[in-house]
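In what follows, a structure is listed as structure tokens, so that the remarks can point back to it.
The values are calculated or read from the model by the stated rules, or taken from the named source; none is laboratory data. On a predicted model such as this, the values are computed, not experimentally measured, just so you know. Please note: Cβ atoms are built from the backbone with ideal geometry, for glycine as well, and neighbour counts cover all protein chains shown. To get the accessible areas, we keep the full protein, side chains included, count just its heavy atoms, and leave off ligands, DNA and RNA. Shrake-Rupley method; radii C 1.70, N 1.55, O 1.52, S 1.80 Å.
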Amino acid sequence: MIARHRLAAVALAALAGAVASLVPAAASAEEITVVSFGGAYQDAQSKTLFQPAAKALGITVKEETYTSISDLRLKQKAGANTWDVVVSGSGSAARAGAEGMLSKLDYKAIDVSNYAPGLAGEYCMALDVFSTVLAWNTKTYGQNGPQSWADFWDVKKFPGKRSYRKAVAGALEPALMADGVPPDKVYEVLSQPGGIERAIAKIKQLKPSIAVWWTSGAQHAQLMKDGEVDMITGWNGRFDVVAKDGAPVTYTFNQALLDYDCAGIPSDAPHKATATKFLAEIAKPQYQADFTKYITYGPPNKKAYDLGTIDAAYAKRLPSYPANAAKQLPIDLAWYIKNEARAATLYQNMLSE
């Protein structure tokens, strides 16, 4: 008799489990999965954007990490995507959107009216603004080192080892400015016949002085920390981190390339409506102001500077601070969508010569 009751209890428990598995959990519609690049960068996002927004909305935000948006492509081809929001570089997101990997964002639901121009793309909304800058070793050149891309190319006035990006993104624009093209005409020239070739030829001139072709932010920061090169291109926040640790490096915003990291919603996201609410929340200035405390990347929402939570002196070090942004060339995503594949091929051919 006892055994029979035990068997019945086991059967009921199994049945209950089976039924529960067929009934969607009430919270699942209010749970999203966000994927970003990990490390200190995602830690900062988690503390200032992701989890505070989750608390404000009363939802659950699960976090995962990935290498690049190409990981999303693999998931989608396998029909196995579980991500609702992906953090990406602006160019990668624009191309992914053009391929159909990302959904068009609903800017009636997401308020970007106070965003700086160009920072709310069709498929991806800026989370932070960074700059590709000209940086130098202060032991070599002092605090007042090279101030333009023409200086970067001038190996007589500024002798020393250079480092340049191995990927084409952000590589052609400095070369044309060094060749005398005004910043506001760079993409016009690059779009003309022979424009890409002109930029690559200019880089080829500098090739004998380039000791390292860098491939990641961690690498280019370490090069300056170790004093392996005297002058380099790279991302401002990475240089600020190693400078804080004592690296002899500084940089200029003059002729820098203004770019951004952003968040998009995969076209097959399981919870698009909740993901949209989440993006609407982290577009608010208070979240973006908090993020700047962890890394010197600027807020895309201009109202973040009006809250009084960003120290005035610190604000002047951020890429999107109006006086700094005015010195820079914004990345033209439309140009990259149309031309990057061909430009990358020509660039890699030059590197292998």
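Principal-axis analysis of the Cα atoms of the chain puts helix 195-206 at an angle of about 70° to the longest axis. Packing, as the average of other Cβ atoms within 10 Å across residues, places the peptides 187-193, 145-151, 320-326, 277-283 in the order 277-283, 145-151, 320-326, 187-193, highest first.
Taking every alpha-carbon pair under 8 Å whose residues sit at least 6 apart, the chain reaches a relative contact order of 26 percent. When peptides 55-66, 111-122, 162-173 are ranked by their average number of other Cβ atoms within 10 Å per residue, the highest-first order is 162-173, 111-122, 55-66. The residues of the chain expose, per residue, 47 Å² of accessible area to a 1.4 Å probe. Helix 333-352 and the longest principal axis of the C-alpha atoms of the chain enclose an angle of approximately 60°.
Remark: relative contact order (the range 102-216) = 24 percent; criterion is Cα-Cα distance under 8 angstrom and separation of 6 or more residues.
Please report the carbon-and-sulfur percent of the accessible area for the range 140-209; probe 1.4 Å, protein heavy atoms only, DNA, RNA and ligands left out.
52
When the solvent-accessible area of the range 214-344 is split by element, carbon and sulfur atoms take up 51 percent of it, the probe being 1.4 Å.
With angles folded into 0 to 90 degrees, how steeply does helix 90-99 sit against the dominant principal axis of the chain? Use alpha carbons for both and round to 10. Its long axis makes an angle of about 60 degrees.
Between LYS327 and GLN219, the FRET efficiency estimated from the beta carbon spacing at R0 = 22 angstrom works out to 0.25.
Here r is the Cβ-Cβ distance between ALA312 and THR82 and R0 is 25 Å; the resulting FRET efficiency, rounded to 0.05, is 0.05. Taking 0.36 nm per residue of separation and subtracting the current Cα-Cα distance, fully stretching the chain between GLN192 and ALA273 would add 25.0 nm.
Taking the centroid of alpha carbons for each part, the range 117-176 and the range 300-353 are 10 Å apart.
Going by the alpha-carbon gyration tensor, a ≥ b ≥ c the square roots of its eigenvalues, is the range 73-143 rounded (a/c under 1.5) or, if a/c is not under 1.5, prolate (a/b greater than b/c) versus oblate? Because a/c hits 1.5 or more and a/b fails to exceed b/c, the range 73-143 counts as oblate. Is it possible to state the helix-based mean residue ellipticity at 222 nm for the chain, with each DSSP H run of 4+ residues giving -39500 (n - 2.57), the sum divided by total residues, to the nearest 500 deg cm²/dmol? What is it? Roughly -12000 deg cm²/dmol at 222 nm, from the helical runs in the chain.
Our summary gives the range 216-353 a relative contact order of 22 percent, counting only alpha carbon pairs under 8 angstrom and 6 or more residues apart. Under 1.5 on a/c is rounded, so check that first for the chain, then, if it is not, pick prolate when a/b is larger than b/c and oblate when it is not; a ≥ b ≥ c are the square roots of the alpha carbon gyration tensor eigenvalues. Prolate is the answer for the chain, as a/c is 1.5 or above and a/b outweighs b/c.
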